[in-house]
Amino acid sequence: KKHSTKDQIRSSETRELLYQTAVALFRTEGYDETTMRKISAESGLSLGLLYYHFQSKQEIVLEFYKRTQQDSDRKCRNFFSQNKDLKKRILFIVKDKLDQFKPYRNFLYVLSRSRGQLHRQQRWRRNL
(Lines give C-alpha, C1' and ligand atoms only; values in the text may rest on other atoms or scores of the structure.)
Protein backbone atom coordinates (compact mmCIF):
# COMPACT_ATOMS: atom_id res chain seq x y z
CA LYS A 1 0.00 0.00 0.00
CA LYS A 2 1.33 3.39 -0.99
CA HIS A 3 1.35 5.99 1.78
CA SER A 4 -0.34 9.30 1.09
CA THR A 5 1.46 12.60 1.41
CA LYS A 6 -0.69 13.32 4.47
CA ASP A 7 0.48 10.06 6.10
CA GLN A 8 4.12 10.88 5.30
CA ILE A 9 3.77 14.33 6.86
CA ARG A 10 2.14 12.84 9.97
CA SER A 11 4.92 10.24 10.24
CA SER A 12 7.57 12.94 9.86
CA GLU A 13 5.91 15.05 12.57
CA THR A 14 5.73 12.03 14.88
CA ARG A 15 9.40 11.25 14.32
CA GLU A 16 10.31 14.88 15.02
CA LEU A 17 8.30 14.93 18.26
CA LEU A 18 10.01 11.75 19.45
CA TYR A 19 13.43 13.10 18.46
CA GLN A 20 12.92 16.47 20.21
CA THR A 21 11.56 14.76 23.32
CA ALA A 22 14.54 12.41 23.49
CA VAL A 23 17.12 15.18 23.01
CA ALA A 24 15.45 17.27 25.72
CA LEU A 25 15.52 14.32 28.12
CA PHE A 26 19.14 13.52 27.28
CA ARG A 27 20.03 17.11 28.12
CA THR A 28 18.13 17.27 31.40
CA GLU A 29 18.20 13.68 32.68
CA GLY A 30 21.35 12.42 31.00
CA TYR A 31 21.70 9.75 28.36
CA ASP A 32 22.08 6.72 30.62
CA GLU A 33 19.18 7.76 32.84
CA THR A 34 16.80 8.27 29.92
CA THR A 35 15.03 5.12 28.84
CA MET A 36 13.02 4.44 25.70
CA ARG A 37 9.98 4.08 27.98
CA LYS A 38 10.64 7.51 29.46
CA ILE A 39 10.90 9.05 25.97
CA SER A 40 7.64 7.35 25.01
CA ALA A 41 5.83 8.51 28.15
CA GLU A 42 7.14 12.08 27.90
CA SER A 43 6.12 12.35 24.25
CA GLY A 44 2.67 10.89 24.91
CA LEU A 45 3.21 8.33 22.16
CA SER A 46 3.38 4.56 22.36
CA LEU A 47 6.61 2.66 22.90
CA GLY A 48 5.94 0.70 19.71
CA LEU A 49 5.74 3.92 17.72
CA LEU A 50 9.04 5.07 19.22
CA TYR A 51 10.72 1.80 18.21
CA TYR A 52 9.21 2.10 14.74
CA HIS A 53 11.04 5.41 14.24
CA PHE A 54 14.18 4.76 16.32
CA GLN A 55 15.44 1.29 17.20
CA SER A 56 17.59 2.56 20.07
CA LYS A 57 18.76 5.60 22.00
CA GLN A 58 22.03 5.37 20.09
CA GLU A 59 20.11 5.82 16.86
CA ILE A 60 18.60 9.03 18.24
CA VAL A 61 22.07 10.32 19.14
CA LEU A 62 23.27 9.45 15.65
CA GLU A 63 20.35 11.44 14.23
CA PHE A 64 21.36 14.34 16.48
CA TYR A 65 24.90 14.15 15.17
CA LYS A 66 23.75 14.06 11.53
CA ARG A 67 21.56 17.12 12.04
CA THR A 68 24.25 19.11 13.82
CA GLN A 69 26.73 18.17 11.11
CA GLN A 70 24.35 19.36 8.38
CA ASP A 71 23.85 22.64 10.25
CA SER A 72 27.59 23.03 10.66
CA ASP A 73 28.21 22.32 6.97
CA ARG A 74 25.72 25.03 6.00
CA LYS A 75 27.33 27.58 8.35
CA CYS A 76 30.81 26.73 7.12
CA ARG A 77 29.84 27.08 3.45
CA ASN A 78 28.40 30.51 4.17
CA PHE A 79 31.43 31.61 6.16
CA PHE A 80 33.92 30.16 3.66
CA SER A 81 32.25 31.92 0.75
CA GLN A 82 33.15 35.24 2.40
CA ASN A 83 36.46 34.31 4.04
CA LYS A 84 39.41 32.77 2.24
CA ASP A 85 41.90 33.00 5.12
CA LEU A 86 42.75 29.46 6.30
CA LYS A 87 43.38 30.48 9.91
CA LYS A 88 39.98 32.19 10.14
CA ARG A 89 38.30 29.16 8.60
CA ILE A 90 39.86 26.76 11.08
CA LEU A 91 38.99 28.99 14.02
CA PHE A 92 35.44 29.25 12.75
CA ILE A 93 35.08 25.46 12.56
CA VAL A 94 36.46 24.89 16.05
CA LYS A 95 34.36 27.65 17.62
CA ASP A 96 31.23 26.51 15.79
CA LYS A 97 31.60 22.91 17.00
CA LEU A 98 32.30 23.95 20.59
CA ASP A 99 29.30 26.30 20.61
CA GLN A 100 27.10 23.74 18.90
CA PHE A 101 27.81 20.87 21.30
CA LYS A 102 28.19 22.76 24.58
CA PRO A 103 24.51 22.46 25.61
CA TYR A 104 24.55 18.72 24.81
CA ARG A 105 27.66 17.54 26.61
CA ASN A 106 25.49 15.33 28.86
CA PHE A 107 25.10 12.80 26.08
CA LEU A 108 27.70 13.37 23.38
CA TYR A 109 30.10 10.89 24.94
CA VAL A 110 27.77 8.23 23.55
CA LEU A 111 29.11 8.92 20.06
CA SER A 112 32.59 7.81 21.00
CA ARG A 113 31.48 5.10 23.42
CA SER A 114 29.41 3.19 20.90
CA ARG A 115 30.79 4.33 17.55
CA GLY A 116 31.29 0.82 16.16
CA GLN A 117 27.87 -0.28 17.30
CA LEU A 118 26.21 2.71 15.61
CA HIS A 119 27.92 1.97 12.31
CA ARG A 120 26.84 -1.70 12.45
CA GLN A 121 23.25 -0.63 13.16
CA GLN A 122 23.29 1.77 10.21
CA ARG A 123 24.59 -0.88 7.79
CA TRP A 124 22.06 -3.41 9.07
CA ARG A 125 19.12 -1.01 8.63
CA ARG A 126 20.23 -0.06 5.10
CA ASN A 127 20.18 -3.74 4.16
CA LEU A 128 16.54 -4.19 5.24
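I'm checking my understanding of the structure. Among residues of the range 10-24 that are farther than 22 Å from Phe107 by Cα and open to solvent by less than 90 Å² (accessible area, probe 1.4 Å), which one is modelled with the highest pLDDT? Explain how you work it out, then say what you get.
Keep residues of the range 10-24 that are farther than 22 Å from Phe107 by Cα, which gives 10-14.
Those still in the list that are open to solvent by less than 90 Å² (accessible area, probe 1.4 Å) too: 11-12, 14.
Values: Ser11: 91, Ser12: 93, Thr14: 96.
Across the range 10-24, the extreme among qualifying residues is Thr14.
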Show the residue pairs that are 6+ apart or on different chains and have beta-carbon atoms under 8 Å apart, the first residue being within the range 32-45 and at negative phi, the second being among the small types (Gly, Ala, Ser) and assigned to a loop (DSSP other than H, G, I, E, B).
Met36/Ser56; Ser40/Ser46
Which is in contact (Cβ under 8 Å) with a residue 24 or more places away in the chain, open to solvent by less than 70 Å² (accessible area, probe 1.4 Å), touching a Leu at 6+ places or on another chain (Cβ under 6 Å) and of a type in the set (Phe, Trp, Tyr), of Phe107, Phe101?
Phe101
Looking at the range 27-36, can you tell me whether even one residue there is under 27 Å from Gln8 (Cβ atoms) and of a type outside the set (S, T, N, Q)?
yes
Of the residues that sit in the range 59-75 and are open to solvent by less than 70 Å² (accessible area, probe 1.4 Å) and hydroxyl-bearing (Ser, Thr, Tyr), which one is nearest to the chain's Cα centre (by Cα)?
Thr68
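Does Arg27 satisfy the criteria of being open to solvent by 80 Å² or more (accessible area, probe 1.4 Å) and in contact (Cβ under 8 Å) with a residue 24 or more places away in the chain?
Values: open to solvent by 80 Å² or more (accessible area, probe 1.4 Å): yes; in contact (Cβ under 8 Å) with a residue 24 or more places away in the chain: yes.
Judged against the criteria, Arg27 is a match.
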How many residues does the range 37-58 contain that are buried (at least 17 other Cβ atoms within 10 Å of the Cβ) and assigned to a helix (DSSP H, G or I)?
7
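The values are calculated or read from the model by the stated rules, or taken from the named source; none is laboratory data. Predicted model, so just to flag it, every value in this text is computed and none were measured. Ideal geometry is used to build each Cβ from the backbone, glycine not excepted, and the neighbour counts take in all protein chains shown. Heads up: the accessible areas ignore ligands, DNA and RNA and are worked out on the full protein's heavy atoms, side chains in. Shrake-Rupley method; radii C 1.70, N 1.55, O 1.52, S 1.80 Å.
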